[in-house]
Amino acid sequence: MRFKLTPIYVIINHMFEKKLKKKVQKAVEELFGVSVDLKNIELETPEKESHGDLATNIAFKLASELGKNPEETARVLSKKVTGDFFTAENKSGFINFRLTDQALENRAREVNEFERKKKKKTMVLDYSSPNIAKPFGIGHLRSTIVGQAIYNIYKFNGWKCVGVNHLGDWGTQYGKLIRQIKKEDENPEDLSIEDLEKLYVEFHKEAKKNPEIEKEGKRWFKRLEEGDPKATEIWEICVEKSMREFQKIYDLLEVDIDHHIGESFYQDKMEAVIKEAKKKNVARESEGALIVDFDEEMSPAMLLKSDGGTTYFTRDLATVKYRINRWNPDLFIYEIGADQKLHMKQLFKTVEMLGWKKRSNFMHVAHGMYRLKDGAMSTRKGKTVHLKEVLEEAVKRAEEIIEASETSGKMTEEEKEEAAEKIGVGAVKYADLKKHYKKDIVFDWDKVLNLKGNSGPYLQYTTLRAKSVLKKAGDFNFQISNLSEKERRIIKRIGEFENILDAAERNFTPSSIANFTYQLAKEFNIFYNEMPILEAPSKKERAQRLSVTKASFATLKKSLELLGIPLPEKM
Ligand code: ARG
């Protein structure tokens, strides 16, 4: 085969493909009086850039059908198709297309004031959702970071977005915690969030020896459910303390969630849902409990336990109802770990059985596990890794890198501090976002903070580089014509941006944007290192190179913004 498909380039050209196919279709009809289906016009990406941006073998097909010479057919078709956006050329029967400077210039211009059409669609995104009375674990990091990026992408793509933090603040575990606080006679006001976590662990240690206390825990939760003032007071203190802790993390991560609605909010909304499930015969009794059966498909879900208590599942079901009533979204997205796959499947199925929404209205972005490679930071035997420590470590390491850099001499202490925070946090975020959400992450400090590889700092650095050139340049005339291969590659890449945004939306993959950004950054750096911009040989070339820089900067900046990677002033 003469042409090989290289996935990246296929995507690059995709945006023009439809336009081009239609043009070819029209030309064939006008020239030969036959109509071809768009499906039959296959476009491929030539392996060699000198063979153009796209190619088709349609002339061979037509020629054999019409009894004509393929080269001649390709020649007349090429002539007819050549226009503002593409030039076409016969190459031994194949037609090679090349994007015109005009097409590339349009793309480069557009990206500077990039805006997408508003859609009449609403999505509700459930993300972050940590559990109270425990430090924010690294497990909730992915949900928070990937969730926020998905939110940003959907919003930019024109969706109406509602972000919800479905805090875990309800359930028997809080009864157990209250029992322990009471037993140790602690004043909850004096307890740190770490203390609360310890007390919960204490409870379980004790319960191993004395299972009776499980009942005490349950009783305390029952009291909480019934609105007992003592239980409520302790619980409220725990919630408030946790929220204060979480807010610090959100501030550091620059994450802002529209609504914080904990599970406790649904306490009085479950009964109606249970009733409805019973009435519609979606739920049935089984050994004193109320369950939803899915036959062979999967194990049943529990709406009421045999002691009459509700579950995480019951609350999630009531939550769906609430979200329908309040926002009636077209799409429900849950950014939650893959360990909750069954729970989500049961939930979506039950919603469908109740006739509320269709399965296709729901998506579980089931992220993989997070592991730390570095021994020092790895899980300390059975304990969870606290996100705060990871972020602090990242900032500390970023500080060291800044100190060792050439620029550090030109930076004030304040600038260094700002940069360290943005580099450290950006690095941690990017390490997460560049991976497909389904994949596990093995966290390796050296890779995460690497200034040269596919890392957050590398992208920040590249973006700042472009910014700084533009600042030094002052005014210039935006222009794109007769691009060199290196410049052309950059503009083609930038032209891909819209498709990448659509793919990221369709597949729930901020990683699509991360990888695109990395490719663009690499291409920009090659251009930057090999072609003097401010010292270009002519005024025209200077303006052109600055134009390429400007379009690159706009695209890099927007991408980082969508990913939630902060940009330091200097680094
Ligand atoms: N708090 C839960 C946990 O940490 C996650 C909640 C996810 N959202 C939901 N609607 N179930 O496991």
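Computed quantities for the displayed model
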| item | result |
| --- | --- |
| Accessible surface of segment 407-564, 1.4 Å probe, proportion on carbon and sulfur as whole % | 47 percent |
| Amide proton proximity set for Leu303, modelled H, under 5 Å, gap of 5+ | Leu290, Ile291, Val292 |
| Sorted largest first, extent of the chain alpha carbons per principal axis (Å) | 89, 66, 37 |
| Tail fraction, Cα-Cα pairs, segment 225-373, threshold 27 Å, whole percent | 32 percent |
| Unsatisfied cross-links (Cα-Cα over 24 Å) in the set Lys121/Lys558; Lys121/Lys341; Lys248/Lys435 | Lys121/Lys341; Lys248/Lys435 |
| Helical mean residue ellipticity (222 nm; -39500 (n - 2.57) per DSSP H run of 4+; nearest 500) of the chain | -18000 deg cm²/dmol |
| For segment 403-451 versus segment 39-67, the gap between their alpha-carbon centres in whole angstrom | 45 Å |
| Sulfur and carbon atoms: percent of accessible area, segment 197-323 [1.4 Å] | 50 percent |
| Summed residue charge, Cβ within 15 Å of Val255's Cβ, Lys/Arg positive, Asp/Glu negative | -4 |
| Rg/Rh for segment 96-159, where both radii come from Cα atoms and Rh is the Kirkwood radius | 1.26 |
| Glu194/Glu254 FRET efficiency (R0 30 Å; Cβ-Cβ; nearest 0.05) | 0.75 |
| Rounded tilt (10° steps) of 229-253 against the dominant C-alpha axis of the chain | 20 degrees |
| Separation of alpha-carbon centers, segment 202-246 and segment 291-345, rounded to whole Å | 24 Å |
| Farthest toward positive dipole pole in the chain [+1 Lys/Arg, -1 Asp/Glu at C-beta], among Ile234, Pro329, Tyr127 | Pro329 |
| Helix 172-183 axis, angle to the chain major axis (alpha carbon atoms, nearest 10°) | 50 degrees |
| FRET efficiency estimate (nearest 0.05) - Cβ-Cβ, Ser286 to Lys155, R0 45 angstrom | 0.55 |
| Degrees, to the nearest 10: 212-225 long Cα axis against longest axis of the chain | 70 degrees |
| Test item: Cα-centred dipole of the chain, Lys/Arg +1 and Asp/Glu -1 on Cβ, debye | 2060 debye |
| Positive dipole terminus of the chain, leading residue within Phe16, Leu563, Leu303 (C-beta point charges) | Phe16 |
| Accessible surface, the chain, averaged per residue in Å² (probe 1.4 Å) | 48 Å² |
| Spatial extent of segment 1-150: Rg and Dmax, with the Cα atoms as the point set, Å | 22.7, 78 |
| Gained length - His204 relative to Glu49, 0.36 nm times residue gap less alpha-carbon distance | 49.3 nm |
| Longest segment of the chain lacking GluC sites (Glu not before Pro) that sit in a DSSP loop with at most 16 other Cβ atoms within 10 Å | 298-534 |
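The values are calculated or read from the model by the stated rules, or taken from the named source; none is laboratory data. On a predicted model such as this, the values are computed, not experimentally measured, just so you know. All Cβ positions, even for glycine, are placed from backbone atoms using ideal geometry, and neighbour counts span all protein chains on display. Note: accessible area is taken over every heavy atom of the protein model, side chains too, but ligands, DNA and RNA are not part of it. Shrake-Rupley method; radii C 1.70, N 1.55, O 1.52, S 1.80 Å.
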